[in-house]
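What follows is a single structure, written as structure tokens, with notes after it.
The values are calculated or read from the model by the stated rules, or taken from the named source; none is laboratory data. The shown structure was predicted, so the numbers you read here are calculated from the model rather than taken from an experiment. Using ideal geometry, Cβ is built from the backbone for each residue, glycine included, and neighbour counts are taken over all protein chains shown. We work out accessible area using only protein heavy atoms, side chains counted, and drop any ligands, DNA or RNA first. Shrake-Rupley method; radii C 1.70, N 1.55, O 1.52, S 1.80 Å.
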Amino acid sequence: MPAIKFRGVDFVGFDSLINDDERLVRDTTRKFIEENLIPIIEECNRAGRFPRELVKPMAELGFFGASLKGYGCAGMSNVEYGLVMQEMERGDSGVRSFVSVQSALVMYPIYTFGSDEHKQKWLPSLQSGEKLGCFGLTEPDFGSNPGGMRTRAKKTADGYVLNGEKMWITSGTIADVALIWAKVEDEGDKVRGFLVETDRPGFKAEDIHGKWSLRASVTSGLSLQDVHVPASNLMPGSNGLKSPLMCLNQARYGIAWGAIGAAMACYDCALQYSLLRKQFRDQPIASHQLVQEKLAWMITEITKAQLLVLQVGRLKDENKVQHQHISMAKRNNVWMALECARLSRDILGANGVADDYPIMRHMMNLESVKTYEGTHDIHTLVIGSSVTGIDAF
């Protein structure tokens, strides 16, 4: 069990800005994380083990595809979904990543771009956790520039043959279906999405080992060598690079909320520790100006991040959100969370690197979160393009 129990973080009465349903979703998720993930997460992190035993319980609470309607999904608002992501990442970024991929990067594209057959076949089983999915866009040589992908799909008499490699794929080796993005040779290299069952001949997934980050998450490389899929596995609504970028926008929105959860975990731990730890004249280190400056910075930035992402969530629920709004929230909130983790580690001193406390784990995880789903620098350019009207890519 953790040395310090999370108490909640709310400096300006944030709870008064969310309604009863939103608060219920947040509190239900928080209770689940406290009772089921927090007691085992440090062991999972040490062992590099994804807590697969939590998949079914998470499904039963409606966490997968939570903001979708129908097919057994919970039909939550975007703010409610965001609060789920906040609490998930307060537990661990890797577990939040798993839920994000299942929801925003697999179920959302099937819901948005898939045929009725795709929806009926996959969405109920993905929502229930009976089936798991992964999202294959990033390649060994193409991360921030997905348009340069080398994966190709060639039309045949009865379908398509896919060849290529994907890298840094969450849930790759445990997935039943992979959503693979490829350039279709017969369509002028237009990017299209394909649903590829992972037991098809020529499909191979291998775990990436040696990670110092997201250790409680499965991260894989995918290889497709002459993988044949029927024509019906093409997602008919997918139409160019805009389609996978729409999926990433969904995931980035969840990350913007999730990062606040990680920041809360670090800040609250550092605050409680600083009141307990005595140094110099038998006084708690919380009485020192330099410690108070760190705590003041953290709670200020967490509060600003909460207000930013709540407004973005409200805009999303009103169908008014723009991709640059989500870029700002992802960029700011992940940067803020990583700085909170570093300041918290500083306050805990040597104890900050021990897994009796969650801080070093969050810090290492956030180093990946800062990079994936659009790096900090890429989102800087997205915002810059929005305010100037000039692309700097």
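Just to be sure, is MET149 within 29 Å of VAL184 (Cβ to Cβ), at pLDDT 95 or above and among the aliphatic types (A, V, I, L, M)? Against the criterion (within 29 Å of VAL184 (Cβ to Cβ), at pLDDT 95 or above and among the aliphatic types (A, V, I, L, M)), MET149 qualifies. Within the range 44-65, the set of residues being over 18 Å from LYS121 (Cα atoms) and touching a Ser or Thr at 6+ places or on another chain (Cβ under 9 Å) comprises PHE50, LYS56, GLU60, LEU61, PHE63.
Scanning the range 153-202 for residues that are open to solvent by 50 Å² or more (accessible area, probe 1.4 Å), over 24 Å from LEU132 (Cα atoms) and assigned to a strand (DSSP E or B) yields LYS154, LYS155, LYS190. Look at the range 34-58: where a residue is open to solvent by 70 Å² or more (accessible area, probe 1.4 Å) and a partner is outside any helix (DSSP H, G or I) and of a type in the set (A, V, I, L, M), sitting 6+ places away or on another chain with Cβ atoms under 8 Å, you get ARG49/ALA216; ARG52/ILE174.
Scanning the range 315-361 for residues that are in contact with an Asp or Glu (Cβ under 8 Å, 6 or more places away or on another chain), farther than 19 Å from CYS247 by Cβ and in a helix (DSSP H, G or I) turns up MET336, LEU338, GLU339, CYS340, GLY352, ARG361.
Of all the numbered requirements in (1) open to solvent by 50 Å² or more (accessible area, probe 1.4 Å); (2) among the charged types (D, E, K, R); (3) in a helix (DSSP H, G or I); (4) touching a helix residue (DSSP H, G or I) at 6+ places or on another chain (Cβ under 7 Å), ASP391 misses one, and that requirement is (3). Set side by side, the residues VAL106, VAL84 differ, and just one is buried (at least 24 other Cβ atoms within 10 Å of the Cβ) and touching a strand residue (DSSP E or B) at 6+ places or on another chain (Cβ under 8 Å), which is VAL106.
Tell me the residue from LEU214, LEU222, LEU271 that is within 30 Å of ARG46 (Cβ to Cβ), in contact (Cβ under 8 Å) with a residue 24 or more places away in the chain and more than 23 Å from the chain's Cα centre (by Cα), please. Steps first, please.
Values: LEU214 fails: more than 23 Å from the chain's Cα centre (by Cα); LEU222 fails: more than 23 Å from the chain's Cα centre (by Cα).
Within the list LEU214, LEU222, LEU271, the selection yields LEU271.
In the range 60-88, the residues that are touching a residue at least 12 places away in the same chain (Cβ under 8 Å) form Cβ pairs under 8 Å with partners that are open to solvent by less than 10 Å² (accessible area, probe 1.4 Å) and among the basic types (Lys, Arg), at six or more places apart or across chains, as follows: MET85/ARG96; MET88/ARG96. Within the range 214-234, does at least one residue satisfy the condition of being surrounded by fewer than 16 Cβ atoms within 10 Å (Cβ to Cβ) and assigned to a loop (DSSP other than H, G, I, E, B)? No, every residue in the range 214-234 fails to be surrounded by fewer than 16 Cβ atoms within 10 Å (Cβ to Cβ) and assigned to a loop (DSSP other than H, G, I, E, B).
Pairs only if they're at least six apart or on different chains, beta carbon under 9 angstrom, first in the range 153-174 and over 21 Å from SER97 (Cβ atoms), second of a type in the set (A, V, I, L, M) and assigned to a loop (DSSP other than H, G, I, E, B); list them, first residue then second. The qualifying pairs are GLY164/MET149. Name every residue in the range 301-331 that is among the polar types (S, T, N, Q) and either without any contact (Cβ under 8 Å) to a residue 60 or more places away in the chain or surrounded by fewer than 20 Cβ atoms within 10 Å (Cβ to Cβ) (or both), in order of residue number. Scanning the range 301-331 gives THR303, GLN311, ASN319, GLN322, GLN324.
Of the residues making up the range 260-284, those that are crowded, with 24+ Cβ neighbours inside 10 Å and more than 11 Å from ILE347 (Cα to Cα) number 6.
Quick one: in the range 120-139, which of the residues that are among the hydroxyl-bearing types (Ser, Thr, Tyr) and not in a helix (DSSP H, G or I) is surrounded by the fewest Cβ atoms within 10 Å (Cβ to Cβ)?
Just the residues of the range 120-139 that are among the hydroxyl-bearing types (Ser, Thr, Tyr), to begin with: 125, 128, 138.
In the following step, the residues that additionally are not in a helix (DSSP H, G or I) were identified as 128, 138.
Numbers: SER128: 15, THR138: 21.
My answer is SER128.
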